[in-house]
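Worksheet: the structure to be examined is printed underneath.
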Amino acid sequence: MTDSPEPAKSRYLVVHDYGMGGLWWWIRASSPEQIVDTFAEVEVVSDPEAVARAETWSLDEIDIDDVSLDPALASLRTKRDGYRDRPGYGALAGRDRVYIDMPDEDDEDTRYLLEIGSDGRWLRQVTLTGDGPGVRTDSEDWPINSPLDLYDPQYAAMEIETAAFENAWSRAFPDPEDPR
């Protein structure tokens with residue numbers, strides 16, 4: 001009996017988008033799925049123009065099995081490992097649309113109903129405060145739209161039905177500060 005060979009590794013452009021910037025690497029792995037299953041809060045960039053631009057940058061190239069020399073990647077791997085066995089891990093990943101009800105961290109009277117795309121980026125949002133109908137905004141209103149890590153089990157616990165979001169969206173008013 002012989003051991004089956006390890007799958008061949010390819011080089012992928014990977015970013016950890018933290019809002020006002022990002023950390024970028026070339027990571028050698030067997031697949032993009034292996035990368036996002038190994039590291040929290042990263043995405044594999046497949047846009048050919050972005051990949052071509054990155055070819056001109058001086059980025060580290062790291063094998064997925066040896067990230068110990070990069071503290072940021074090691075931290076993102078530890079973070080992923082920390083919730084891998086929790087209920088809801090990966091439950092929202094790979095879906096076209098996800099809807100969640102997220103509390104505001106700083107104001108207990110505010111909640112955000114979010115429509116999130118398969119890449120983890122917010123598409124539409126209803127901000128609810130008090131008993132009012134809410135204010136609706138969409139991705140064109142946000143200069144920064146960092147993706148949520150859809151593998152993170154905390155978001156699975158916040159999931160709501162599509163109809164609940166759409167009902168709130170239809171009742172909400174447009175953002176009064178939106179010039180559109």
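The values are calculated or read from the model by the stated rules, or taken from the named source; none is laboratory data. In this text the structure is predicted, and so the values were computed from the model without any measurement. Here the Cβ is made from the backbone with ideal geometry for all residues, glycine too, and neighbour counts use every protein chain on show. For the accessible areas, the whole protein counts, side chains as well, though only heavy atoms, and no ligand, DNA or RNA atoms are used. Shrake-Rupley method; radii C 1.70, N 1.55, O 1.52, S 1.80 Å.
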Name the pairs: first residue in the range 46-64 and in contact (Cβ under 8 Å) with a residue 40 or more places away in the chain, second residue among the basic types (K, R), Cβ to Cβ under 6 Å, at least 6 apart or on different chains?
D63/R28
Do we find a residue being modelled with pLDDT of 95 or more and surrounded by 12 or more Cβ atoms within 10 Å (Cβ to Cβ) anywhere in the range 126-139?
yes
Can you tell me which residue is farthest from E41 (Cα to Cα) among those in the range 103-161 that are touching a residue at least 60 places away in the same chain (Cβ under 8 Å) and small (G, A, S)?
A157
Go through (1) in contact (Cβ under 8 Å) with a residue 40 or more places away in the chain; (2) out of contact with any strand residue (DSSP E or B) (no Cβ under 8 Å at 6 or more places or on another chain) and name the single condition P71 misses.
(1)
Which of the following residues is of a type in the set (K, R), open to solvent by 90 Å² or more (accessible area, probe 1.4 Å) and not in a loop (DSSP other than H, G, I, E, B): R53, R11?
R53
So, in the range 104-129, of the ones that are assigned to a loop (DSSP other than H, G, I, E, B) and touching a Pro at 6+ places or on another chain (Cβ under 7 Å), which residue ends up farthest from E166 (Cα to Cα)?
D119
Inside the range 79-103, can you point out the residues that are in a helix (DSSP H, G or I) and surrounded by fewer than 12 Cβ atoms within 10 Å (Cβ to Cβ)?
G82
W26 passes all but one of (1) crowded, with 19+ Cβ neighbours inside 10 Å; (2) under 22 Å from P7 (Cβ atoms); which number fails?
(1)
